[in-house]
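Structure first, commentary second.
Derivation of every value follows stated rules applied to the coordinates shown; laboratory data play no part. What you see is a predicted model, and the numbers here were worked out from it, not measured in a lab. Glycine also receives a Cβ, built like all others from the backbone with ideal geometry; neighbour counts cover every protein chain displayed.
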Amino acid sequence: MGKPIGERIAFWAERFIGVPYDMDPLGEYVSKATIVSDERMDCMYLTFRTVELALSHTPEEAIQVALERRFHSKGVLKDGHVINYDDRFEYGEDMIESGKWGKDMTSTVGKMMKIKGSRGKDFVEVLSSDALVQGMKSLKSGDLVFFAKKPEKREIGEIIGHMGIIEVREVEGNQRSKAVFLIHASGTKREGGAVKKVLLREYLFKMPFIGVKITRFQ
C-alpha cells in the first residue's frame, strides 16, 4: 500500500476489530514464545502487531520488524520460538521512551500536567483528558495513545495502564467535520472482552485513567 504510515497503522487496526481479548496474564504470545498470536489480543499486543504489519510488506518482514521493536535490545528466534521475551517491553512508558514506537507528540497536542512517577522517575508529564478533547483536531490516524494510571491505582509500578490506536475519518456528508476514533483491545484479564472501535471523546469521558501520552510515526 502506498498510503502514509499512519493510515496503514489505522488500516491494520481495523482488521482486528472483533478479535477476542487475550486473558493470559502474560499474554499468549509471551507464554507461547511466538511473534504471531492473532487469535486473541490484549492492548499491548494489538499495538505491537498493528504497527509491525504497517511497517512491513510481507508476513516475514513483519516478524523481523517485531524482533527489532518489541524488545529493549532485539528479539532472538530459535526453532521458531522467541528465547528472550524477558527483554521485551513490559511497560508502555518504556515503549514511549525507546523511540521505537513513534515520536512523543504529547506536548504538541495541549498543555501538559505533571503526575507522580514510578520506577526511578519522580514525575511524568501527561495530557489531561480535557486537554486532549480540546486538542483533538491535531490527532492523526495511526497515532498511538497511551493511557496513564492514577498513582493510587498502580499495582506493579506501571505508569501506562492501557493503549490504543487513533483513526480519524471524515463525517459522511460533511467533509469539514472529522470523527476521531480509538481502536483498542477493550477488556480485562479476568473478564475478557474484544478489540473495539469507539469514539475517542466518549471513551475519555468515562475512562478510569488520569491522562495520556501520544506517539506518532513519521
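Quick notes on this structure:
- Calculated FRET value between Lys178 and Lys153, using beta carbons and R₀ = 35 Å, to 0.05: 0.65
- Length gained on full extension, Val76 to His57: 4.7 nm, using 0.36 nm per residue less the C-alpha separation.
- Alpha-carbon gyration tensor eigenvalues x 5, square-rooted, for the stretch 1-79, Å: 20, 17, 10
- If you take the Cα centroid of the stretch 25-99 and the Cα centroid of the stretch 134-157, the two points sit 20 Å apart.
- Share of alpha-carbon pairs per 10 Å distance bin for the stretch 5-216, given as whole %: 8, 35, 38, 16, 2, 0
- Cβ-to-Cβ counts within 10 Å put Val51, Val145 in ascending order as Val145, Val51, the fewest first.
- Amide H contacts under 5 Å for Gly161: Phe147, Ala148, Lys149, restricted to partners 5 or more places along the chain or on a different chain, H placed in the peptide plane at 1.01 Å from N.
- Nitroxide proxy distance, nm - points 7 Å out along Cα→Cβ at Ile5 and Val133: 3.2
- Here the relative contact order of the chain, from alpha carbon pairs under 8 Å that lie six or more residues apart, stands at 26 percent.
- Rounded to 0.05, the FRET efficiency of the Glu68 and Asp24 pair, given R0 = 25 Å and the Cβ-Cβ distance, is 0.55.
- Karplus-derived 3J(HN,Hα), 6.51/-1.76/1.60, for each residue of the stretch 22-34, Hz, glycine and proline x: 7, 8, 5, x, 8, x, 4, 4, 6, 4, 8, 6, 10
- Sorted by Cβ density within 10 Å, fewest first, the residues Thr58, Thr215, Thr50: Thr58, Thr215, Thr50
- Nearest-0.05 FRET efficiency for Phe123 and Ala194, computed from C-beta distance (R0 25 Å): 0.10
- Those residues of the stretch 62-92 whose amide nitrogen sits under 12 Å from the label point placed on Ala33, 7 Å along Cα→Cβ: 76-86
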